[in-house]
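Shown next, in structure tokens, is the structure this report addresses.
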Amino acid sequence: MPENLSLTLSPQDCLIAVMVAVSASDEDIGTAELIKIQTAVNLLPIFAEFDVDRIKTVSQMVFDLFEQEDGLDALFGLVKEALPHRLNETAYALACDVAAADGTLEETELRLLEEIRYELEIDRLHAAAIERGARARHLT
């Protein structure tokens with residue numbers, strides 16, 4: 001883990017980490033996905049007090065964890081520890097939006113979304129509604 005990242009993540013850091021993880025899951029971080037992350041940070045109230053300079057730091061943490069054998073488990077451990085339960089659906093919604101941003105869902109993205117649903121204990125019915133909303137927002 002990078003030394004310049006405090007050991008305690010903020011809830012906003014967790015949301016960024018989940019979005020970056022979904023974007024990086026297919027090993028191709030596309031422009032549409034990056035724009036989706038930046039737009040979320042710029043527009044959503046949860047990020048009103050967020051220091052945008054942390055995006056790069058949190059992103060690097062995710063990339064570093066992805067290089068480790070149990071990095072995904074470590075990432076989920078950090079997120080589950082720091083993300084208030086009330087923001088679990090927000091994290092999943094943001095992950096779905098990032099995954100859908102480029103118009104295609106790769107198998108690796110789908111598997112990671114499934115893992116996020118499981119790890120963040122997102123009810124299947126709620127997950128379906130969130131997924132449907134993401135799909136509707138990104139149709140062309």
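The values are calculated or read from the model by the stated rules, or taken from the named source; none is laboratory data. Only a predicted model underlies this, so the values are computations on that prediction, with no experimental measurement involved. Counting neighbours? That spans all protein chains shown, and the Cβs are built from the backbone with ideal geometry, glycine included. In case anyone asks, the SASA skips ligands and DNA or RNA and just uses the protein heavy atoms, side chains included. Shrake-Rupley method; radii C 1.70, N 1.55, O 1.52, S 1.80 Å.
Which pairs turn up if I take residues in region 13-24 that are free of Cβ contacts under 8 Å to residues at least 24 places away in the same chain and look for partners that are open to solvent by 10 Å² or more (accessible area, probe 1.4 Å) with beta carbon separation below 7 Å, at least 6 apart in sequence or on another chain?
none
Do you know which of the residues in region 91-140 that are hydroxyl-bearing (Ser, Thr, Tyr) and open to solvent by 40 Å² or more (accessible area, probe 1.4 Å) is farthest from ALA24 (Cα to Cα)?
Step one: list which residues in region 91-140 are hydroxyl-bearing (Ser, Thr, Tyr), which gives 92, 104, 108, 118, 140.
Filter again for open to solvent by 40 Å² or more (accessible area, probe 1.4 Å), leaving 104, 108, 118, 140.
On the way: THR104: 14, THR108: 10, TYR118: 19, THR140: 23 Å.
By that ranking, first place goes to THR140.
When you check VAL52 against the structure, is it without any contact (Cβ under 8 Å) to a residue 40 or more places away in the chain and either outside any helix (DSSP H, G or I) or open to solvent by 10 Å² or more (accessible area, probe 1.4 Å) (or both), yes or no? Show your work before the answer.
Values: without any contact (Cβ under 8 Å) to a residue 40 or more places away in the chain: yes; either outside any helix (DSSP H, G or I) or open to solvent by 10 Å² or more (accessible area, probe 1.4 Å) (or both): yes.
Yes: the conditions hold for VAL52.
Determine, yes or no, whether ILE46 is assigned to a helix (DSSP H, G or I), surrounded by fewer than 17 Cβ atoms within 10 Å (Cβ to Cβ) and at pLDDT 95 or above.
On the way: assigned to a helix (DSSP H, G or I): yes; surrounded by fewer than 17 Cβ atoms within 10 Å (Cβ to Cβ): yes; at pLDDT 95 or above: yes.
Taking the combined requirement at face value, the residue satisfies it.
Take the residues in region 69-80 that are open to solvent by 40 Å² or more (accessible area, probe 1.4 Å) and in contact (Cβ under 8 Å) with a residue 40 or more places away in the chain, then tell me which one is farthest from LEU112 (Cα to Cα).
LYS80
Can you tell me which residues in region 9-68 are of a type in the set (A, V, I, L, M, F, W, C) and over 21 Å from GLU119 (Cβ atoms)? It would help to see each step written out before you state the result.
Going through region 9-68, the residues of a type in the set (A, V, I, L, M, F, W, C) turn out to be 9, 14-22, 24, 29, 32, 34-35, 37, 40-41, 43-44, 46-48, 50, 52, 55, 58, 61-63, 65-66.
Those that are of a type in the set (A, V, I, L, M, F, W, C) and over 21 Å from GLU119 (Cβ atoms): ILE29, ALA32, LEU34, ILE35, VAL41, LEU43, LEU44, PHE47, ALA48, PHE50, VAL52, ILE55.
Residues that are closer than 16 Å to SER23 by Cα and within 13 Å of the chain's Cα centre (by Cα): which helices (runs of 4 or more DSSP H) entirely in region 56-140 hold 3 or more of them?
Qualifying helices (runs of 4 or more DSSP H): 71-82, 88-100, 107-119.
Please go through region 106-124 and give me each residue that is free of Cβ contacts under 8 Å to residues at least 24 places away in the same chain and either in contact with a Ser or Thr (Cβ under 7 Å, 6 or more places away or on another chain) or of a type in the set (A, V, I, L, M, F, W, C) (or both), ordered by number.
The answer is LEU110, and nothing else.
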